[in-house]
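**Q** Can you read through this structure? Questions will come right after.
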Amino acid sequence: MHTLLTPDALDACDLCPRCCRAARAKGARGVCGADSTLKIARAALHMWEEPPISGEVGSGTIFFSGCPLKCIYCQNHQISTGGFGIEVSPERLVDIMLELQDQGALNINLVTATHYAHLLPAAITAARQRGLKIPIVYNTSGYERVQAVAELAGLVDVWLTDFKYADVALARSLSHVPDYPDVAAAALAQMVSQINAAGGELLAQDGHMLRGIIVRHLVLPGHAEDSCRVLDRIWEVAGDVPISVMNQYTPNQRMRDQGGDLARAVLDEEYEMVLDHADDLGFTTMFWQEGGAVDESFTPPFDTTGVLESAAISNGHIG
């Protein structure tokens, strides 16, 4: 088996489970929307991740442009499918990591880096050599190749992964992906194996995560039963892993125009049903959101903050 995460990965791209074989190195775009250029939409401290990730000072979050999934309800559609972002060099990615550390970030949070994962071994290694000391968080939809996850062992400290669906047909309908549940389960098993092999979860004295895994699930209106089946699958694959059951679904314009369940917020009774099921299964570490989370903005402005220069400099804090 060839090594996946190498610079020649883009000759016929198979970085994500779609294995679309796009000749990204020659300018073709994969299903993810990316060609050979690295694009980033924002790089700044982010306060709205789970407490072990954001803490009191924030997570150093880098939002990559493009996405292998095509979720019709996506809140980040400007960058996931809209192509928004600025082209930067891999060397600039290293600089960004160090600038975020200088701003006090608890970690470097790589959001949807799946289709750029071939750059990560060299970038993370270079950042470490230049003094990066904080953990690397890999923030993913869960739709990952097991081989890619395996090749990030020793580079990624915290896996912040989604598990979106238990039902294949639902995944196909809402995210246009044919095999999500089994792919996500296999990737999750590999993540858990890595963390266990490294010595298990490790928290700092203040509670922020130095090593570990958190599995996220966004409850969708009208699909609470599938959410419960997702929790069953997580328990089956990973056991009593920390989970984050999210209540922040907000219908985008496409969903409001379409109507139906996805045009509304999650009902209190739907969310409570999922939380109760998590309790019944035995999850002991669970993050959940108060009612009304839908009214708050958990999506930062995608305004290229910090991409070309430090966010601290652009905000006038330095110089």
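**Q** Give me the pairs, please: first residue somewhere in the range 23-50 and touching a residue at least 12 places away in the same chain (Cβ under 8 Å) and of a type in the set (A, V, I, L, M), second residue anywhere and surrounded by fewer than 23 Cβ atoms within 10 Å (Cβ to Cβ) and in a strand (DSSP E or B), beta-carbon distance under 6 Å, and either six or more positions apart or on two chains.
**A** Note: pairs meeting the criteria are Leu38/Val88; Ile40/Val88.
**Q** When you check Val245 against the structure, is it among the β-branched types (Val, Ile, Thr), modelled with pLDDT of 95 or more and more than 24 Å from Pro52 (Cα to Cα), yes or no?
**A** So Val245 does not fit the description; no.
**Q** Here's something else I'd like to know. Inspect the range 147-165 for any residue being more than 28 Å from Ala9 (Cα to Cα) and touching a helix residue (DSSP H, G or I) at 6+ places or on another chain (Cβ under 7 Å) and give the result as yes or no.
**A** Yes, the range 147-165 has at least one match.
**Q** Which of the residues belonging to the range 280-291 are surrounded by 11 or more Cβ atoms within 10 Å (Cβ to Cβ) and not polar (S, T, N, Q)?
**A** Leu281, Phe283, Met286, Phe287, Trp288, Gly291
**Q** So which pairs qualify, if the first residue must be in the range 156-170 and over 14 Å from Tyr143 (Cβ atoms), the second must be among the β-branched types (Val, Ile, Thr) and in a loop (DSSP other than H, G, I, E, B), the Cβ gap must be under 9 Å, and the two must be at least 6 apart or on different chains?
**A** Close Cβ pairs (under 9 Å, with a partner that is among the β-branched types (Val, Ile, Thr) and in a loop (DSSP other than H, G, I, E, B)) amount to Asp157/Ile134.
**Q** If you take the residues in the range 235-264 that are among the small types (Gly, Ala, Ser) and assigned to a helix (DSSP H, G or I), which one is nearest to Asp162 (Cα to Cα)?
**A** Top of the filtered list is Ala238.
**Q** If we scan the range 272-287, do we find a residue that is at pLDDT 95 or above, under 30 Å from Arg42 (Cα atoms) and not in a loop (DSSP other than H, G, I, E, B)?
**A** Within the range 272-287, one or more residues are at pLDDT 95 or above, under 30 Å from Arg42 (Cα atoms) and not in a loop (DSSP other than H, G, I, E, B).
**Q** Let me ask something additional. Inspect all residues belonging to the range 243-250 and state whether any of them is small (Gly, Ala, Ser) and either in contact with a helix residue (DSSP H, G or I) (Cβ under 7 Å, 6 or more places away or on another chain) or under 26 Å from Ala187 (Cβ atoms) (or both).
**A** Checked the range 243-250: at least one residue is small (Gly, Ala, Ser) and either in contact with a helix residue (DSSP H, G or I) (Cβ under 7 Å, 6 or more places away or on another chain) or under 26 Å from Ala187 (Cβ atoms) (or both).
**Q** Sticking with this structure for a sec: Spot the failing condition for Ile79; the list is (1) touching a residue at least 60 places away in the same chain (Cβ under 8 Å); (2) touching a Leu at 6+ places or on another chain (Cβ under 9 Å), and only one is missed.
**A** Condition (2) is where Ile79 drops out.
**Q** In addition: Tell me, which strands (runs of 3 or more DSSP E) lie completely within the range 1-99 with 2 or more residues that are crowded, with 23+ Cβ neighbours inside 10 Å and either at pLDDT 95 or above or aliphatic (A, V, I, L, M) (or both)?
**A** Ranges flagged: 38-46, 59-64.
**Q** If I filter the range 293-305 for residues that are out of contact with any Pro (no Cβ under 9 Å at 6 or more places or on another chain), at pLDDT 70 or above and aliphatic (A, V, I, L, M), do I get at least one hit?
**A** No: zero hits.
The values are calculated or read from the model by the stated rules, or taken from the named source; none is laboratory data. For clarity, every value in this text was computed on a predicted model and none was experimentally measured. No Cβ is skipped: glycine too gets one built from the backbone with ideal geometry, and neighbour counts run over all protein chains shown.
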